[in-house]
Amino acid sequence: MPPTDSGLGSSSDDTLDLQLPPEFSALFAEGHGRPASPDVPAAGPLLDNLAGWGAADTPAGPFELVPVRPARDLALISGWMNDPAVAAFWELAGPPETTAAHLRGQLDGDGRSVPCLGVLAGVPMSYWEIYRADLDPLARYYPARPQDTGIHLLIGGVGDRGRGLGGMLLRATADLVLDHRPQCARVLAEPDLRNTASVAAFLNAGFRYGDEIELPGKRAALMVRDRALRDLL
């Protein structure tokens, strides 16, 4: 499918000034929160150690979210960002430094957004951002609940688009979130309304259409996967 646009939650320059829960503050004080360098994935307590979630079984093989390491992954992700179909929504076309700055804004943060490669049957084929929607600028535009978790996605290779993989992987990723984040009741996304293939993929993955919201730079569909409806949709 055409990629989900990056939307909010991707910019290091626009974060909510929210107070972290006391237990998180204690963890950060002990040195567990901020990564030591840009090559250390920001996968700490805010997303329940995403790096340790492991793989989900899918009809196309095991699927795993692997936190990005720029030294290993930058060339691949930058190449995807320069695909015109991707650039139309992510707006990160340009030299590798453009993508590196985008990744650094997350990897140098407190772990509220984690950039990942989607690895299907051992092959990196998609880029994901898993983020705390309740701690994100997105929370200004919808009735946020504690522990809401957001998803941004792009399918990397042209050959992997239009095959139904998007909906399958979105369902698998939402299941990973709900399995490993027991306090999270909802998984959210906010694709551009113009990206009809992306909206359709979310619907096929068990998300429901929650609302139409006006965000800076786009009008978006708020897509919601509810834990309570997980086995019904």
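The values are calculated or read from the model by the stated rules, or taken from the named source; none is laboratory data. Treat the numbers as computed from the prediction; the structure is a model and nothing was measured. Quick reminder, even Gly has a Cβ in these numbers, built from the backbone with ideal geometry, and neighbours come from all protein chains shown. Protein only, heavy atoms only, side chains kept; ligands, DNA and RNA dropped before computing areas. Shrake-Rupley method; radii C 1.70, N 1.55, O 1.52, S 1.80 Å.
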Legend entry - Long-range HN-HN contacts of L193 with modeled amide H, under 5 Å: R219, A220, A221
Legend entry - Accessible-area order (highest first, 1.4 angstrom probe) of the listed residues V123, V224, V158: V158, V123, V224
Legend entry - Förster radius 25 Å - calculated FRET efficiency between A101 and R140 (Cβ-Cβ, nearest 0.05): 0.60
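Expressed as a whole percentage, what fraction of the accessible surface of region 69-173 belongs to carbon and sulfur atoms when a 1.4 Å probe is rolled over the protein heavy atoms? Could the numbers behind the result be given before it?
Numbers: 2180 of 3730 Å².
Within region 69-173, the accessible surface is 58 percent carbon and sulfur.
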Inset, instruction - Arrange the residues H152, H180, H102 by how much accessible surface each exposes, largest first, with a 1.4 angstrom probe. - result: H180, H102, H152
Inset, instruction - In nm, give the distance between the simple-model label positions of R69 and A88, each being 7 Å from the Cα along the Cα-to-Cβ direction. - result: 3.5
Legend entry - M223 accessible area, assembled protein chains, probe 1.4 Å, Å²: 0
Legend entry - With all protein chains modelled, accessible area of T99 [1.4 Å, Å²]: 0
Legend entry - Which of D179, D192 is most accessible, then next, and so on - probe 1.4 Å: D179, D192
Inset, instruction - Quick one: what are the phi-derived ³J(HN,Hα) couplings along region 47-54, Karplus 6.51/-1.76/1.60 with θ = phi - 60°, whole Hz, x for glycine and proline? - result: 10, 6, 6, 3, 4, x, 5, x
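Show me 200-208, 77-85 ranked by packing, highest mean number of other Cβ atoms within 10 Å first. List each step's numbers first, then the result.
Numbers: 200-208: 20.8, 77-85: 17.7.
So the peptides 200-208, 77-85, ranked by packing, come out 200-208, 77-85.
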Legend entry - Area of E97 that stays accessible when all protein chains are in place (1.4 Å probe, Å², to 10): 120
